[in-house]
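Only one structure is covered here, and it is reproduced in the block below.
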Amino acid sequence: MAKIFEVTIWATGVLQDMEGRHASLLIANAADKAGKFVQAWDNYADLPDRVNVPLRKYARISDEEIEMRYEYENEHPEMVIIMQDAIIKGMNVLWGMPKGGVLVINTKRSVDDILKFIPNKDLLSKIVTVDANSIAKVADIDFMGGEGGVEVVGIGAGPSAPLVGAACKVTDAFSLENVVAVAANKDGVKKGYEQAVVTNL
Amino acid sequence: MPKYTVKFKIPKHLQVPMGAVIPSPKTENEGMITGNWRIVRPVIDHEKCTTCLNCYIFCPDACWQLNEKTEKMEWNAKYCKGCRICINECPADALTAEEELNFPDGVVRLDVPF
Ligand code: SF4
Ligand code: SF4
């Protein structure tokens, strides 16, 4: 079985439900454009979501057909994306991560500020910080649609676009040009890529 | 044997005690930690606080308690979810919202969200 690249996204309940899902959809759709096998879905156990409660969204990318497609949690995420920085204080966000993973976080704070709240940071090889809220000019967008629903205004209009753009800097599982192609806010994706601060640990 | 079991002829294997027994949460229930939801926390200004107890009444998680010895309100970081209700309800403007990541303390880190 080919190696499966797992991405876990943490978002704030209700407020970022849609943006969190869009982040996973952007990743999966961008990799799909490159001909990979992909999956994107909401964490079953978090639904229905409640305001402020941390949620997980998942994406998987593989060169071959994903045989584990009915396993509904990513148990070994190599990439973790955080939509709202205070979640690192409340959750063990690196749960299950194999050594050498990457963390992408939407924050206006410095890397050192963030690392103070990650006790298992030795698992990380890289951390990427980007102020996606300022780039997207909104913290959260009104929620609509749902898993499997049609997203009328397109995917990635809010902070998910710059955040996934920033993630392109540290992975080759999905490329910047494909994320730009599938995102509603194309400029936001590019700005996220440019303004992302990558720190090697 | 209680009377009702005779009356309704409930078979033995279906008999259950009336009601349910749960361990008393006393003042805290560790199975329902909500302190890890917080994005902002309420910070109290004891100079302004009149100990009116509005925050004690309104907090959905009973996070504000009056310490009768010091006569000051005390906040419980383990269960405060940062909903800001107390901040809205405080008549003396003694509570303000501050970003959670400004504080090194009050870490409630779980593996699985409640
Ligand atoms: S509501 Fe405000 S003034 Fe009243 S006890 Fe609470 S903090 Fe003090
Ligand atoms: S913010 Fe909400 S949960 Fe926290 S103390 Fe105030 S009312 Fe209670």
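The values are calculated or read from the model by the stated rules, or taken from the named source; none is laboratory data. This structure is a prediction, so every number in the text was calculated from the model and none was measured. With ideal geometry, Cβ positions are generated from the backbone for all residues, glycine too; neighbour counts draw on all protein chains shown. Surface accessibility is based on the protein's heavy atoms, side chains included, excluding ligands, DNA and RNA. Shrake-Rupley method; radii C 1.70, N 1.55, O 1.52, S 1.80 Å.
At most 11 other Cβ atoms within 10 Å and a DSSP loop assignment: could you name the chymotrypsin sites (Phe, Trp or Tyr not before Pro) in the stretch A:55-103 that fit?
A:Y70
Taking 22 Å as R0, compute the FRET efficiency from the Cβ-Cβ separation of A:Y72 and A:V14 and round it to 0.05.
For R0 = 22 Å, the calculated efficiency reads 0.55.
Which value, in Å² and to the nearest 10, is the accessible area of A:V197 when all protein chains are kept and the probe is 1.4 Å?
70
I'd like to know how the stretch B:37-114 sits against the 2.2 N^0.38 Å rule of thumb: what's its Cα Rg over that expected value?
Numbers: Rg = 12.5 Å, N = 78, 2.2 N^0.38 = 11.5 Å.
Here the Cα radius of gyration is 1.09 times the empirical estimate.
Just to be sure I understand the interface: list residues from the stretch A:85-106 that lose 40 Å² or more of accessible area between the chain on its own and the complete protein assembly, 1.4 Å probe.
So the qualifying set is A:A86, A:K89, A:G90, A:M91, A:N92.
Please provide three numbers in whole Å: the alpha-carbon extents of the stretch A:4-200 along the principal axes, with the largest listed first.
Here the spans come out as 39, 37, 34 Å, largest first.
Chains B and A: how much accessible area gets covered up at their contact, both sides added, probe 1.4 Å, in Å² to the nearest hundred?
Heavy-atom accessible area buried at this interface is about 1900 Å².
If you take the Cα atoms of the stretch A:1-106, find Rg, then find the Kirkwood Rh from the mean of 1/r over all pairs, what is Rg/Rh?
0.95
For Cα pairs less than 8 Å apart in space and 6+ apart in sequence, what is the mean separation divided by the residue count of the stretch A:4-200, i.e. the relative contact order in percent?
Value for the stretch A:4-200: 24 percent.
Could you work out what % of the accessible surface of the stretch A:4-200 is carbon and sulfur, using a 1.4 angstrom probe and leaving DNA, RNA and ligands out of the count? Don't skip to the answer; put the middle values down first.
Numbers: 4130 of 8070 Å².
Carbon and sulfur together cover 51 percent of it.
What are the trypsin sites (Lys or Arg not before Pro) within the stretch A:44-136 that DSSP puts in a loop, where the Cβ has at most 10 other Cβ atoms within 10 Å?
Filter output for the stretch A:44-136: A:K99.
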